[in-house]
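One structure follows; several queries about it will come next.
The values are calculated or read from the model by the stated rules, or taken from the named source; none is laboratory data. Quantities reported herein were computed from a predicted structural model and do not represent experimental measurements. Neighbour counts run over all protein chains shown; Cβ positions are idealised from the backbone, glycine included. Protein only, heavy atoms only, side chains kept; ligands, DNA and RNA dropped before computing areas. Shrake-Rupley method; radii C 1.70, N 1.55, O 1.52, S 1.80 Å.
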Amino acid sequence: MLLELTPAETAFLTTPVVVFDVFPQRLTRRLAATLTARLHLPVRALPLPAVAPSAAPDVPVWQPDAALATLWLTRRLGGWRVSGASPFVPAALMRTLDAVLAESWLDEPVPDPLPSSLAWQLGTDLAQATLALSLPPQPAALTRWARGVIRHG
(Lines give C-alpha, C1' and ligand atoms only; values in the text may rest on other atoms or scores of the structure.)
Protein backbone atom coordinates (compact mmCIF):
# COMPACT_ATOMS: atom_id res chain seq x y z
CA MET A 1 0.00 0.00 0.00
CA LEU A 2 1.38 3.40 -1.02
CA LEU A 3 1.11 6.40 1.21
CA GLU A 4 -0.12 9.67 -0.19
CA LEU A 5 2.47 12.35 -0.81
CA THR A 6 2.50 15.38 1.43
CA PRO A 7 2.09 18.79 -0.23
CA ALA A 8 5.81 19.48 0.35
CA GLU A 9 6.77 16.21 -1.35
CA THR A 10 4.46 16.92 -4.28
CA ALA A 11 5.90 20.43 -4.67
CA PHE A 12 9.45 19.02 -4.61
CA LEU A 13 8.68 16.37 -7.22
CA THR A 14 6.88 18.78 -9.57
CA THR A 15 9.53 21.51 -9.44
CA PRO A 16 11.41 21.70 -12.75
CA VAL A 17 14.99 20.52 -12.68
CA VAL A 18 17.39 23.44 -12.61
CA VAL A 19 20.70 22.92 -14.36
CA PHE A 20 23.28 25.13 -12.71
CA ASP A 21 25.69 26.83 -15.04
CA VAL A 22 29.10 25.59 -13.99
CA PHE A 23 31.03 27.54 -16.63
CA PRO A 24 31.66 30.63 -14.45
CA GLN A 25 32.79 28.46 -11.53
CA ARG A 26 35.07 26.37 -13.77
CA LEU A 27 36.54 29.51 -15.33
CA THR A 28 37.09 31.07 -11.88
CA ARG A 29 38.97 28.01 -10.61
CA ARG A 30 41.10 27.75 -13.75
CA LEU A 31 41.83 31.48 -13.73
CA ALA A 32 43.06 31.33 -10.11
CA ALA A 33 45.16 28.23 -10.79
CA THR A 34 46.77 29.66 -13.91
CA LEU A 35 47.56 33.03 -12.34
CA THR A 36 48.96 31.25 -9.27
CA ALA A 37 51.30 29.24 -11.50
CA ARG A 38 52.37 32.16 -13.70
CA LEU A 39 52.87 34.63 -10.86
CA HIS A 40 54.49 32.12 -8.50
CA LEU A 41 52.27 33.17 -5.63
CA PRO A 42 48.79 32.15 -4.45
CA VAL A 43 45.99 34.01 -6.22
CA ARG A 44 42.41 34.01 -4.94
CA ALA A 45 39.66 34.73 -7.47
CA LEU A 46 36.29 35.76 -6.08
CA PRO A 47 33.36 36.41 -8.43
CA LEU A 48 32.00 39.94 -8.45
CA PRO A 49 28.73 41.25 -9.86
CA ALA A 50 29.47 42.03 -13.48
CA VAL A 51 28.29 45.07 -15.39
CA ALA A 52 26.70 44.18 -18.70
CA PRO A 53 28.56 45.68 -21.69
CA SER A 54 26.85 48.46 -23.62
CA ALA A 55 27.21 46.47 -26.85
CA ALA A 56 27.72 42.75 -27.24
CA PRO A 57 31.25 42.03 -28.51
CA ASP A 58 31.99 39.66 -31.39
CA VAL A 59 34.87 38.08 -29.44
CA PRO A 60 35.64 37.96 -25.71
CA VAL A 61 37.03 41.19 -24.30
CA TRP A 62 39.15 41.11 -21.14
CA GLN A 63 39.36 44.23 -18.97
CA PRO A 64 42.21 43.89 -16.46
CA ASP A 65 42.77 46.86 -14.20
CA ALA A 66 46.12 48.64 -13.77
CA ALA A 67 46.75 46.76 -10.50
CA LEU A 68 46.65 43.40 -12.31
CA ALA A 69 48.90 44.65 -15.11
CA THR A 70 51.39 45.98 -12.55
CA LEU A 71 51.28 42.76 -10.51
CA TRP A 72 51.83 40.71 -13.69
CA LEU A 73 54.85 42.78 -14.76
CA THR A 74 56.35 42.84 -11.27
CA ARG A 75 56.09 39.10 -10.71
CA ARG A 76 57.07 38.07 -14.26
CA LEU A 77 60.24 40.15 -13.84
CA GLY A 78 60.93 38.48 -10.48
CA GLY A 79 59.94 41.36 -8.21
CA TRP A 80 58.37 40.97 -4.78
CA ARG A 81 57.22 44.55 -4.19
CA VAL A 82 54.43 46.02 -6.26
CA SER A 83 54.56 49.78 -6.67
CA GLY A 84 53.31 52.31 -9.17
CA ALA A 85 50.94 51.48 -11.98
CA SER A 86 51.65 49.95 -15.34
CA PRO A 87 50.77 52.30 -18.22
CA PHE A 88 49.84 49.32 -20.43
CA VAL A 89 48.49 45.78 -20.23
CA PRO A 90 51.17 43.25 -21.20
CA ALA A 91 50.38 41.16 -24.27
CA ALA A 92 51.54 38.03 -22.41
CA LEU A 93 48.86 38.61 -19.76
CA MET A 94 46.18 38.91 -22.45
CA ARG A 95 47.39 35.74 -24.22
CA THR A 96 47.31 33.89 -20.89
CA LEU A 97 43.77 35.05 -20.14
CA ASP A 98 42.65 34.10 -23.67
CA ALA A 99 44.15 30.61 -23.28
CA VAL A 100 42.42 30.09 -19.91
CA LEU A 101 39.07 31.11 -21.38
CA ALA A 102 39.50 29.06 -24.56
CA GLU A 103 40.47 25.90 -22.67
CA SER A 104 37.66 26.34 -20.15
CA TRP A 105 35.12 26.85 -22.92
CA LEU A 106 36.26 23.98 -25.12
CA ASP A 107 36.35 21.58 -22.16
CA GLU A 108 32.58 21.83 -21.88
CA PRO A 109 30.71 24.49 -23.88
CA VAL A 110 27.63 25.95 -22.24
CA PRO A 111 24.28 26.04 -24.02
CA ASP A 112 22.40 29.31 -24.54
CA PRO A 113 22.29 31.79 -22.95
CA LEU A 114 25.86 32.78 -22.18
CA PRO A 115 26.43 35.29 -19.41
CA SER A 116 27.08 38.64 -21.06
CA SER A 117 29.91 39.40 -18.65
CA LEU A 118 31.84 38.09 -15.67
CA ALA A 119 34.07 39.84 -13.14
CA TRP A 120 36.49 38.85 -10.37
CA GLN A 121 38.30 40.32 -7.42
CA LEU A 122 41.82 38.87 -7.54
CA GLY A 123 43.74 38.79 -4.30
CA THR A 124 47.36 38.02 -3.47
CA ASP A 125 49.64 38.88 -0.58
CA LEU A 126 51.16 41.61 -2.77
CA ALA A 127 48.14 43.29 -4.35
CA GLN A 128 44.40 43.32 -4.98
CA ALA A 129 43.10 43.64 -8.53
CA THR A 130 39.93 43.35 -10.54
CA LEU A 131 39.33 41.64 -13.84
CA ALA A 132 36.24 41.77 -16.05
CA LEU A 133 35.25 39.81 -19.13
CA SER A 134 32.62 40.57 -21.77
CA LEU A 135 31.43 37.60 -23.81
CA PRO A 136 29.77 37.33 -27.21
CA PRO A 137 26.08 36.41 -26.97
CA GLN A 138 26.30 33.32 -29.19
CA PRO A 139 28.02 30.12 -27.99
CA ALA A 140 29.03 29.33 -31.60
CA ALA A 141 30.99 32.59 -31.81
CA LEU A 142 32.83 31.75 -28.59
CA THR A 143 33.59 28.25 -29.86
CA ARG A 144 35.06 29.61 -33.14
CA TRP A 145 37.14 32.13 -31.21
CA ALA A 146 38.37 29.50 -28.71
CA ARG A 147 39.41 27.11 -31.48
CA GLY A 148 41.38 29.92 -33.11
CA VAL A 149 43.13 30.73 -29.83
CA ILE A 150 44.10 27.11 -29.27
CA ARG A 151 45.19 26.62 -32.90
CA HIS A 152 47.39 29.74 -32.92
CA GLY A 153 48.54 29.57 -29.28
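Take residue 99 and residue 14, extend 7 Å from each Cα along the Cα→Cβ direction, and tell me the distance between the two endpoints in nm.
Label-label distance for residue 99 and residue 14, simple model: 5.3 nm.
Could you give me the ³J(HN,Hα) list for region 85-102, computed from phi with Karplus coefficients 6.51, -1.76, 1.60 and θ = phi - 60°, whole Hz, x at Gly and Pro?
Going residue by residue, I get 9, 6, x, 8, 9, x, 4, 5, 5, 5, 5, 5, 4, 4, 5, 4, 5, 4 Hz, with x marking Gly and Pro.
Right, something else. Can you work out the Karplus-derived ³J(HN,Hα) for every residue in region 61-66? Use 6.51 cos²θ - 1.76 cosθ + 1.60 with θ = phi - 60°, whole Hz, and x for glycine or proline.
For region 61-66, the Karplus curve yields 10, 7, 9, x, 7, 4 Hz.
Taking all pairs of distinct Cα atoms, average 1/r, flip it, and tell me the Kirkwood hydrodynamic radius of the chain in Å to one decimal place.
Result for the chain stands at 17.3 Å.
Still on this structure: Report the one residue of 68, 101, 2 whose Cα lies farthest in the direction of the positive end of the charge dipole of the chain (charges on C-beta: Lys and Arg +1, Asp and Glu -1; origin at the Cα centre).
After comparing all options, I get 68.
Provide the solvent-accessible area of residue 145, counting protein heavy atoms only and rolling a 1.4 Å probe, rounded to the nearest 10 Å².
Probe radius 1.4 Å; accessible area of residue 145 about 40 Å².
While we're on this one: Rolling a 1.4 angstrom probe over the protein heavy atoms, how many square angstrom per residue are accessible across the chain?
Solvent-accessible surface per residue comes out at 61 Å².
Multiply the residue separation of residue 152 and residue 92 by 0.36 nm, subtract the distance between their alpha-carbon atoms, and state the gained length in nm to one decimal.
Result: 20.2 nm gained on full extension.
For the pair residue 29/residue 143, report the inter-label distance in nm, with labels modelled 7 Å from Cα in the Cβ direction.
Simple spin-label model gives 2.3 nm for this pair.
Dipole magnitude of region 1-119 about its Cα centre, charges +1 at Lys/Arg Cβ and -1 at Asp/Glu Cβ only, in debye to the nearest 20?
For this selection, approximately 940 debye.
Still on this model: Region 1-108: which trypsin sites (Lys or Arg not before Pro) are DSSP loop and have at most 13 other beta-carbon atoms within 10 angstrom?
Sites meeting the loop and neighbour criteria: 81.
Another one. At residue 61 and residue 40, where each label point lies 7 Å from the Cα along Cα→Cβ, what is the point-to-point distance in nanometres?
Output for this residue pair reads 3.5 nm.
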